[in-house]
1. In the list G523, G519, which residue meets the criterion of being under 30 Å from E347 (Cβ atoms) and in contact with a His (Cβ under 6 Å, 6 or more places away or on another chain)?
2. For the subset of the range 234-263 comprising residues that are basic (K, R) and assigned to a loop (DSSP other than H, G, I, E, B), which member is surrounded by the fewest Cβ atoms within 10 Å (Cβ to Cβ)?
3. Please go through the range 598-639 and pick out each residue that is hydrophobic (A, V, I, L, M, F, W, C) and under 36 Å from the mean Cα position of the chain (by Cα).
4. Would you check if there is a residue in the range 444-455 being at pLDDT below 85 and either surrounded by fewer than 16 Cβ atoms within 10 Å (Cβ to Cβ) or out of contact with any Phe, Trp or Tyr (no Cβ under 7 Å at 6 or more places or on another chain) (or both)?
5. Report, by residue number, each residue of the range 485-513 that is hydroxyl-bearing (S, T, Y) and either surrounded by 15 or more Cβ atoms within 10 Å (Cβ to Cβ) or under 25 Å from N602 (Cα atoms) (or both).
6. Scanning the range 531-558 for residues that are charged (D, E, K, R) and at positive phi, which turns out surrounded by the most Cβ atoms within 10 Å (Cβ to Cβ)?
7. Which one of these is aliphatic (A, V, I, L, M), in a helix (DSSP H, G or I) and within 30 Å of N602 (Cα to Cα): A288, A311?
Amino acid sequence: MLQTIFLYLVTYVQVMFLRSLVMAEILDVSVSQRKLKGRSFPQDCVECEHRKEIGVIVTHTNGVSGSAHLHSVKSNDLSAAWVWQKPDHVRGYQGVESFFQEGVEHTKERELLHSDGKQSAEKQTLNGKISIDPVKLKHHILAMQELREKSRNLQVSQLVEKNNEIEAKMKARAIARSKNLKIPVKGKYGIWRKDNGYTRADSTLKLMRDQIIMGEVYASIAKSKNENKLYGMIMTRIKDSREAIKRATLDAELQPRAPERAKELGRILSVAKEKFYDCFLVARKLRAMVQSTEQTNNAEKAKATFLTQLAAKTLPKPIHCLSLQLSNDYYLQGYAKEKTLNLDRLENPSLFHYAIFSDNVLATAVVVNSTVSHVKEPEKHVFHVVTDKLNFAAMKMWFHVNSPALETTEVKDYYFKAGHPSTMSDGDDSLKYRNPKYLSMLNHLRFYLPEVYPKLDKILFLDDDIVVQKDLTPLWSVNLQGMVNGAVETCKESFHRFHTYLNFSDILIKQNFDPNACGWAYGMNIFDLKEWKKRNITGIYHRWQSLKADRMLWKLGSLPPGLITFYNLTYPLDRSWHVLGLGYDGEVNSTEIENAGVVHYNGNYKPWLELAFPHYKGYWSKYVNFANPYLQLCNNGEI
């Protein structure tokens, strides 16, 4: 039984070995045929008149045994990749001879390599079976694997070497190209390098400020350790350094003895460092100083915000003086008794009507002057100036004296009665705003335009902090497509959407409005008063005012109720008509400003305040007549 099993096992090994030999023969034939591809042989040429089908002698080498084999192939069976040359071409014969010689040499090498394996193989039996020693067969297989591994390693090394050569050539070409490039040197960037030739304009100033900080740290440590003498010396040097700095922002602005003060403070700091240096203690002191500085900084920011708001709400002294002088002359010179208004023109819907709501005489004058200077037919433009009772006389006097050609400039004063916002009265109890900007009825009178101007069809509303730079007449020809309000949308920035102004945590706001709806700008709006009456816009405004409890539905101001009142009733105008931000953004695009029909100083930095951005003031001040006697009397160079 065991002999039978062993016989089957030997037979199986022999069969597998013969199978591997056959596969190797097939593999080597295909490899040798690929090697022959493209070689030239002296065969029947294409140009010959009598071409014949001829045989081609092909040789290949057995990859396992190393023996060479020859066989014949018909020329018609060859692929199109073979190249035929003339029969008398000498190189063809040389190619055959050299290729045959290579096959013979390769066969000899294989025979030498595998001679041991062949000698150790068992003789072939008469029935065709091969008897092979398994141990020697294993050695033979390992030898073949080692040979193939060496061949692969050789190929890999050749590829790596070739790749290195190509990479070296590429680097050489890149270096050659870089030498021809002209790259400007912008400067030396390592400020800590000794060979850096760049010197900061405030290097000494920065050093002295850093010394003062470290001086305060070591002074605090010295005081805590009862080193009063050293503490006094450090504080004296700090005081001297601060006097040398004062308000300097550059080294050139320092006091002449500043470098000497810096050296003195540096010497005393060296002494303190040698005596008290403790990394943990110094870090703790610096951390405490940072925290204290942050608290001081936050307090200063809050103070600055309060003062900015206060300055924005307060008229400068020259403008207040102007209003007083105009009011005084209005009553003393008898202008209060004159009535020169042309009511027919004031109510003529075929003319171009403007509504300006303001308590600032000079700002209103700039709006009117800038508008008139760009229109083609000034006589067709009517300005309705609405102000409060305090500034009514000043407004009347200014336009009577300075704009006699504008006979259609009407000035009205309006007040609301509690519970009846559309009637005139002194005071107001229904609106609870305390900020003067929001308490002013002028900011809410814009919601009653059809009642103020009952005979007009369209009117252009203008804020008093705008400057007109183009003819606005084409706005009356804009088709609002059934909308009430024509305005420029401000949704270019995300913070100008509805969620910024309305309280969407309230269910009433959440159910009626889209938080991502686009906001729009007050300041230059064309209103269709016919459509206004048809849709009862004033009634919508009243309804939301009654729903609002303790101002929790929206933020302060007239824009949030405007967004609610004209929701889905606003037609977007081209953005070039109205450019905003000159009162809070110091980086508005200058090209947009130059091309704008109206520029708007919305924000706290009004052009008549010292807070204003200097590079924006020119757009406003060029429409101020500084030669005016009233301005010269009150100005004193302050506006």
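1. Going through G523, G519 in turn, just one is under 30 Å from E347 (Cβ atoms) and in contact with a His (Cβ under 6 Å, 6 or more places away or on another chain): G523.
2. Here is the first cut: in the range 234-263, the residues basic (K, R) are 237, 239, 242, 246-247, 257, 261, 263.
Narrowing further to those that are assigned to a loop (DSSP other than H, G, I, E, B): 246-247, 257.
On the way: K246: 10, R247: 5, R257: 12.
Checking each candidate, the answer is R247.
3. Within the range 598-639, the first condition is being hydrophobic (A, V, I, L, M, F, W, C), and the residues that meet it are 598-599, 608-609, 611-613, 620, 624, 626-627, 631, 633-634, 639.
Of everything in the range 598-639, those that are hydrophobic (A, V, I, L, M, F, W, C) and under 36 Å from the mean Cα position of the chain (by Cα) turn out to be V598, V599, W608, L609, L611, A612, F613, W620.
4. For the range 444-455, residues at pLDDT below 85 and either surrounded by fewer than 16 Cβ atoms within 10 Å (Cβ to Cβ) or out of contact with any Phe, Trp or Tyr (no Cβ under 7 Å at 6 or more places or on another chain) (or both): present.
5. Narrowing the range 485-513 to residues hydroxyl-bearing (S, T, Y): 490, 494, 500-501, 505.
T490, S494, T500, Y501 - these are the residues of the range 485-513 that are hydroxyl-bearing (S, T, Y) and either surrounded by 15 or more Cβ atoms within 10 Å (Cβ to Cβ) or under 25 Å from N602 (Cα atoms) (or both).
6. Just the residues of the range 531-558 that are charged (D, E, K, R), to begin with: 531, 533-535, 543, 548, 550-551, 555.
Next cut, at positive phi only: 550-551.
Values: D550: 6, R551: 14.
Ranking the candidates gives R551 first.
7. Details: A288 fails: within 30 Å of N602 (Cα to Cα).
Checking each option against the conditions leaves just A311.
Residues checked against (1) charged (D, E, K, R); (2) out of contact with any strand residue (DSSP E or B) (no Cβ under 9 Å at 6 or more places or on another chain); (3) closer than 22 Å to I540 by Cα; (4) part of a loop (DSSP other than H, G, I, E, B):
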{"residue": "F447", "(1), (2), (3), (4)": "no, yes, yes, no"}
{"residue": "P450", "(1), (2), (3), (4)": "no, no, yes, no"}
{"residue": "P474", "(1), (2), (3), (4)": "no, yes, no, no"}
{"residue": "N479", "(1), (2), (3), (4)": "no, no, no, yes"}
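The values are calculated or read from the model by the stated rules, or taken from the named source; none is laboratory data. Predicted, not measured: the structure shown is a model, and the values here were computed from it. We place every Cβ from the backbone using ideal geometry, glycine too, and count neighbours over all the protein chains shown.
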